[in-house]
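The values are calculated or read from the model by the stated rules, or taken from the named source; none is laboratory data. Please read all numbers here as calculations on a predicted model, not as lab measurements. We place every Cβ from the backbone using ideal geometry, glycine too, and count neighbours over all the protein chains shown.
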Amino acid sequence: MPILCIDIGNSSAHSGILEKGQVLSRRDTPTRHFVAADSVARSVLEQMRECDCEGLAFASVVPDAAKGVTRLLEQMGLSPLGYQLRHDTASFIGFDYPSPAEVGQDRIANVIAAKQMLGSPAVVIDMGTATTFDVLTSKGYAGGIIAPGLALMTDYLHEKTALLPKLERMELLTPGAIGKSTVEAMKIGAHIGFRGMIKEMLKCVMADLEAAGEGRAHVLTTGGNAIVLPEGWWPNAKHVPDLALFGLEIAFRHARG
């Protein structure tokens, strides 16, 4: 039977109906609707009945949105079918980390999916509002990096200066590395700067893993900003747009035995 999976981020919630690792449908909903537990959020959860789902698996980086989902499940009489992914409900992944409760639920979902797909060691790079690196080793979740997202490079200069324009993140490619206009110069700074940041951090993570005897790690990317990385930017890197949803389905089925 399918599962409704919802990955609730700071601004948007990505949801999908999944069955055996296949995404049957997708939907994006502003997070504010789950915080309010309103009719829009209810319509997302109604998919459980419409698609005859076995249950709901969700992760949230917004506590009030998680409370909204829980409240709606109670109102709809679906509480027994709900599962929230947290460090304590996903202990099967293993944590080589002093304070597992600090780890974002979306990051745990990503690592669970990475382990199922490729095994360990693995590095997951999630390029959304923030850029996060999460590392899976033979001991489980080992930690990672939290860095600025691409929006900081495309929006911040416009917001803090009088003359510089706002850039469209999907239109950053330029013919070379020497800008012939203000806009070109800004695009180069954002595009090359962002991908350079990603590659340099990944090199450092790889060096630490090899020093710890973990060997060469698999690399997975997810998140909308991964589009700015050129093809072949890192050997054998794999892009998986719905990685967190896959992790949620895996965790749900593990929890339900």
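For region 1-18, how many residues meet the condition of being more than 27 Å from Gly149 (Cα to Cα) and either touching a residue at least 60 places away in the same chain (Cβ under 8 Å) or in contact with a helix residue (DSSP H, G or I) (Cβ under 6 Å, 6 or more places away or on another chain) (or both)? Of the residues in that region, 3 qualify.
Of all residues in region 151-176, which are more than 20 Å from Val228 (Cα to Cα) and at pLDDT 80 or above?
none
When each of Asp126, Asp134 is tested for being touching a residue at least 40 places away in the same chain (Cβ under 8 Å), part of a strand (DSSP E or B) and on the phi < 0 side of the Ramachandran plot, the lone residue that passes is Asp126.
Of note, Val183 does not satisfy the criterion of being of a type in the set (A, V, I, L, M) and in a strand (DSSP E or B). Evaluated against (1) surrounded by 14 or more Cβ atoms within 10 Å (Cβ to Cβ); (2) not in a loop (DSSP other than H, G, I, E, B), Thr174 falls short on exactly one condition, (2). Just so you know, in region 225-256 the residues that are surrounded by 23 or more Cβ atoms within 10 Å (Cβ to Cβ) and among the small types (Gly, Ala, Ser) include one that is nearest to the chain's Cα centre (by Cα), and it is Ala244.
Can Gln75 be described as closer than 18 Å to Thr222 by Cβ and of a type outside the set (Asp, Glu)? Spelling it out, it is not the case that Gln75 is closer than 18 Å to Thr222 by Cβ and of a type outside the set (Asp, Glu). Outside any helix (DSSP H, G or I), within 16 Å of the chain's Cα centre (by Cα), of a type outside the set (Asp, Glu) and modelled with pLDDT of 95 or more: does that describe Leu220? When the stated conditions are applied, Leu220 passes them.
Within region 1-27, restricting attention to residues that are loosely packed, with under 14 Cβ neighbours inside 10 Å and hydroxyl-bearing (Ser, Thr, Tyr), the residue that is nearest to Leu81 (Cα to Cα) is Ser25. Sub-6 Å Cβ pairs linking a first residue in region 19-32 that is of a type in the set (Val, Ile, Thr) to a second residue that is exposed (fewer than 13 other Cβ atoms within 10 Å of the Cβ) and not in a helix (DSSP H, G or I), at least 6 apart or interchain, are Thr31/Ser11, ordered by first then second residue. For Ile3, the conditions (1) over 18 Å from the mean Cα position of the chain (by Cα); (2) of a type outside the set (Asp, Glu); (3) under 25 Å from Thr129 (Cβ atoms) all hold with the exception of (3).
Looking for whichever is under 12 Å from Ala13 (Cβ atoms) and surrounded by fewer than 18 Cβ atoms within 10 Å (Cβ to Cβ) here; the options are Pro30, Pro63. Which one fits?
Being under 12 Å from Ala13 (Cβ atoms) and surrounded by fewer than 18 Cβ atoms within 10 Å (Cβ to Cβ) holds for just one of Pro30, Pro63, which is Pro30.
The criterion of being assigned to a helix (DSSP H, G or I), modelled with pLDDT under 95 and of a type in the set (Phe, Trp, Tyr) holds for Phe92.
For region 177-194, how many residues meet the condition of being crowded, with 18+ Cβ neighbours inside 10 Å and either of a type in the set (Gly, Ala, Ser) or modelled with pLDDT of 90 or more (or both)? Counting residues in region 177-194 that are crowded, with 18+ Cβ neighbours inside 10 Å and either of a type in the set (Gly, Ala, Ser) or modelled with pLDDT of 90 or more (or both) gives 1. Here Ala142 fits the description: aliphatic (A, V, I, L, M), more than 17 Å from Asn225 (Cα to Cα) and at pLDDT 80 or above.
If you go through region 226-240 one residue at a time, do you hit one that is within 30 Å of Arg27 (Cα to Cα), touching an Asp or Glu at 6+ places or on another chain (Cβ under 9 Å) and part of a helix (DSSP H, G or I)? Yes, the conditions are met somewhere in region 226-240.
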